[in-house]
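*Asks:* One structure follows; several queries about it will come next.
The values are calculated or read from the model by the stated rules, or taken from the named source; none is laboratory data. For clarity, every value in this text was computed on a predicted model and none was experimentally measured. Neighbour counts are summed over all protein chains in view; Cβ atoms, including those assigned to glycine, are modelled from backbone coordinates with ideal geometry.
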Amino acid sequence: MSHLLEVRDLEVKFALRSGDITAIDGIDFTLDQGERLGIVGESGAGKSVTGFSIINLISKPGFISRGSIYFEGNKISDYSDSQMRTIRGNRISMIFQDPMMTLNPVFTIGFQMIETLRAHKKISKSDARAIALEKLKKVQIPSPEERLDQYPHELSGGMRQRIIIAISLLVNPAIIIADEPTTALDVTIQAEIMDLLQQLCETEKMGLILITHDLGVVSQVTEKIAVMYAGKIIEFGPTDQVVHSPVHPYTTGLIGSIPGSTAPGEKLLQIPGMMPTLSNIPEGCAFNPRCDLCEPICTRKTPPLEKKQNGTMAACHIKD
Amino acid sequence: MFAFIIRRILQAVVVMLVISLMGFAIKNNIGDPVRDLVGERVTPAERAKMADDMGLNDPFLIQYLRFIGHAVKGDLGRSFLYNKPNLEVISQHAPATIELLMGTALIIVLISLPLGVQSALQPKSKLARFTMSFSTLGISMPVFLTAILLIYVFAVHLQILPSFGRGETVDLFGNGYWNTGFLTRDGLEHLILPCLSLSSIMLPLFIRLIRSEMMEVLETEYIKYAWAKGLSPARVWMVHAFKNTLLPVVTVFGVQMGITFAFTILTELVFQWQGMGFMFLEAVQRADISLLIAYLVVVASVFVLVNTVVDIVYGFINPTVRIVGTR
């Protein structure tokens, strides 16, 4: 077991009244120490569910129906809730999408930082406060001592996201899972936060799983990319290859739709149609109704994720 | 915080002025104080002179200002029924009612908090289902019926609890003003049934309020984040979720205790409880307008006081309120 994190054949279902719906349909990926992986896709592709399933915090009625997750050689997908708590916030930290909603409004920043430390370490309150202060300095927050006694509503969105990053650094995380960490922020703040995350991952040798729909951000920060579509990984490989020579028509479409990928004044490429709802996924390749290259085989057989010529893995019958 | 408190108190004063104006307007227009004092046998000429002496012919505003002036000094007029100052009559009856309310508040807090939280955390458990169906019953039953049922079961049938009066009381300050039932076993036993029937209206409401607030809070992002930080269930539920649940509950508690105060009239009647409600009913029967108005002003000031205190407490729990106040 050489990988830091290994996800094998993970399947997540949601138990609804009308029957179970598959949100994640058998995905595999690995992450090594200090490695940065981006998970990209449209809303509803299963990116966030993938992130939450790693620390077993999928919102009800979702549950892991198949597959296994190994972390540092242990099969954490079999862990009980109390065993899982020794991982959450300690070895694997999460950063949520909207920093305005993530911190509890009725407790001070210091309170919320100190309790995290004390949940994982036997440590006095004053020592915990000192560590909290040190981490706040690390995320380059102005006047960190003051922040400890402030309430979340007294801080801006960018500052709150810095504080959440500081909270995730508090103990000794091996992996940070960041679920759209900059979507709710201003563009200028977005770049600052991403730079900070990348720089911290490098200096602290932390792994990063960056979940986003923004291919531009992913291509700057991560080393590997997994593109998800309708609950499956449809392309997986080194960031350079995936961004510059994508194999899957969906990835090609995603990259073509980034502003700046076409000549100025020209229309942006657009993927026609919408992603199917999870209860209504088409037979064969889930992308076939929106695909220009669709052939009869695409509507009959699900393409396997296989090695392609440029070195990435992709799930497409047509392209090599 | 200081500015917030000052502002809140000023608001309370304004509300009190409006209420006193209404009270005075009623007093000014209903009944004839001269007749109340001297009866029918005095000649019209003498009555007119008395009315003049008492200032009853002065303009409304002058009379109102005089009324306020007296009220501020603690003089709310005289009750001809008891032949004592109104305030003294009321303050002699107040402790009984206050103790009734305190007992009721205690029962509501002690029962609704654990049951409400439990039914939010385990909504499908047997206890939660029982709580929910029982609280529907409690909401739909009127107080006097609950009271009579309680008397029938515990006083008449089982004969384990007394059905009327305050029982043995202790003079708290030795001056006859505050006779408390909290210090003797007999006094406490007498408190149980009235408090239970009074709390029966608000208890179901609070269980349901706490339950729905808690369930809503448990779905928020910051609770999910608390789990993601690796906190224990006890901490996530009892610290992170509980404090946020309390915010709206505290506000509603203040308002509802005021309404409960109003319901004491019924409860005191059924249990022959010598409190303010009982006194109020007597005053109504004997048309003691002066005492009724004094009662109105006192009850209103209690309402305003409770709500002001609740708002200030809320300011302490909810940090976002304080910012608004200090700006």
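*Asks:* Considering only residues of the range A:70-98 that are more than 18 Å from residue A:172 (Cβ to Cβ) and crowded, with 17+ Cβ neighbours inside 10 Å, which is nearest to the other protein chains (Cβ to nearest Cβ)?
*Replies:* A:96
*Asks:* I'd like to know if the range B:275-284 contains one or more residues that are among the aliphatic types (A, V, I, L, M) and within 14 Å of chain A (Cβ to nearest Cβ).
*Replies:* Within the range B:275-284, none of the residues are among the aliphatic types (A, V, I, L, M) and within 14 Å of chain A (Cβ to nearest Cβ).
*Asks:* Let me ask something else. Just give me the residues in the range A:100-155 being more than 18 Å from residue A:169 (Cβ to Cβ), hydroxyl-bearing (Ser, Thr, Tyr) and within 14 Å of chain B (Cβ to nearest Cβ), in sequence order.
*Replies:* Result: A:108, A:151.
*Asks:* Any residue in the range B:210-230 that's on the phi > 0 side of the Ramachandran plot and at the interface with chain A (Cβ under 10 Å from one of its Cβ atoms): show its pairings with residues that are assigned to a helix (DSSP H, G or I) and modelled with pLDDT under 95 at Cβ separation under 7 Å, as long as the two are six or more apart or on different chains.
*Replies:* B:230/A:85; B:230/A:119; B:230/A:120
*Asks:* Also, I was wondering about something else. Is at least one residue of the range B:138-148 assigned to a helix (DSSP H, G or I) and closer than 30 Å to residue B:233 by Cβ?
*Replies:* Taking every residue of the range B:138-148 in turn, at least one turns out to be assigned to a helix (DSSP H, G or I) and closer than 30 Å to residue B:233 by Cβ.
*Asks:* Also, I was wondering about something else. Given the options B:85, B:123, B:95, name the one that is in contact with a strand residue (DSSP E or B) (Cβ under 7 Å, 6 or more places away or on another chain), at pLDDT 85 or above and over 25 Å from residue B:257 (Cβ atoms).
*Replies:* Within the list B:85, B:123, B:95, the selection yields B:85.
*Asks:* Moving to a separate point now. Tally the residues that are buried (at least 22 other Cβ atoms within 10 Å of the Cβ) and hydroxyl-bearing (Ser, Thr, Tyr), restricting the search to the range B:192-221.
*Replies:* Going through the range B:192-221 one residue at a time, the tally reaches 3.
*Asks:* Then there is this: Taking into account only those residues within the range B:231-245 that are over 24 Å from residue A:172 (Cβ atoms) and crowded, with 21+ Cβ neighbours inside 10 Å, which is nearest to the other protein chains (Cβ to nearest Cβ)?
*Replies:* B:244
*Asks:* Another question about this same structure. Within the range B:258-273, can one find any residue that is modelled with pLDDT of 85 or more, in a loop (DSSP other than H, G, I, E, B) and surrounded by fewer than 17 Cβ atoms within 10 Å (Cβ to Cβ)?
*Replies:* Scanning the range B:258-273, I find at least one residue that is modelled with pLDDT of 85 or more, in a loop (DSSP other than H, G, I, E, B) and surrounded by fewer than 17 Cβ atoms within 10 Å (Cβ to Cβ), so the answer is yes.
Residues checked against (1) loosely packed, with under 14 Cβ neighbours inside 10 Å; (2) modelled with pLDDT of 90 or more; (3) under 26 Å from residue B:248 (Cβ atoms):
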site	(1), (2), (3)
B:110	yes, yes, yes
B:135	no, no, yes
B:168	no, no, no
B:179	no, no, no
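*Asks:* If you don't mind, another one. When both residues are 6+ apart or on different chains and their Cβ atoms are under 7 Å apart, which pairs have a first residue that lies in the range A:257-284 and is free of Cβ contacts under 8 Å to residues at least 24 places away in the same chain, and a second that is surrounded by fewer than 11 Cβ atoms within 10 Å (Cβ to Cβ) and assigned to a loop (DSSP other than H, G, I, E, B)?
*Replies:* Taking only residues 6 or more apart or on different chains, the pairs are A:257/A:270; A:268/A:259.
*Asks:* Scan the range B:151-163 and tell me whether some residue there is more than 14 Å from chain A (Cβ to nearest Cβ), aromatic (Phe, Trp, Tyr) and more than 27 Å from residue B:133 (Cα to Cα).
*Replies:* no
*Asks:* Exactly one condition in (1) touching a Gly at 6+ places or on another chain (Cβ under 7 Å); (2) closer than 22 Å to residue B:287 by Cα; (3) of a type in the set (Lys, Arg) is not met by residue B:84; state its number.
*Replies:* Answer for residue B:84: the failing condition is (1).
*Asks:* Can residue A:262 be described as modelled with pLDDT of 90 or more and among the β-branched types (Val, Ile, Thr)?
*Replies:* no
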